[in-house]
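Enquirer: Encoded as structure tokens, here's the structure I'll be asking about.
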Amino acid sequence: MDEPFNRSQLVALVQRLLQMDYHNEEEADQIIMEVQRHVLDPQVIDYIFWTDEGVTAEKAAEEIVDRALAYQPIIATWSLDQ
């Protein structure tokens, strides 16, 4: 993972996606890859493209980023010795 973005930088990227503030699909893909590069949550893009109806882009972007940053991967530990 690259140097981490701060929360406000991630919110700005997510807002751009929610508001469709990009020129073409390639630019959207670059924004998506940038968001994915800076959070561990594998579902972050699902949160962006499956937001609740009637939620403002700004509020949704903040909630999406907070949810993605709160993600804690589960590390399974097991042993063959059992």
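The values are calculated or read from the model by the stated rules, or taken from the named source; none is laboratory data. These figures come from a predicted structure and were not determined experimentally. We place every Cβ from the backbone using ideal geometry, glycine too, and count neighbours over all the protein chains shown.
Enquirer: Select from the range 37-82 the residues that are more than 23 Å from S8 (Cβ to Cβ) and among the aliphatic types (A, V, I, L, M) and write down the one among them that is modelled with the lowest pLDDT.
Expert: L80
Enquirer: Does the range 16-29 include one or more residues that are touching a residue at least 24 places away in the same chain (Cβ under 8 Å) and either in a helix (DSSP H, G or I) or closer than 20 Å to P73 by Cβ (or both)?
Expert: yes
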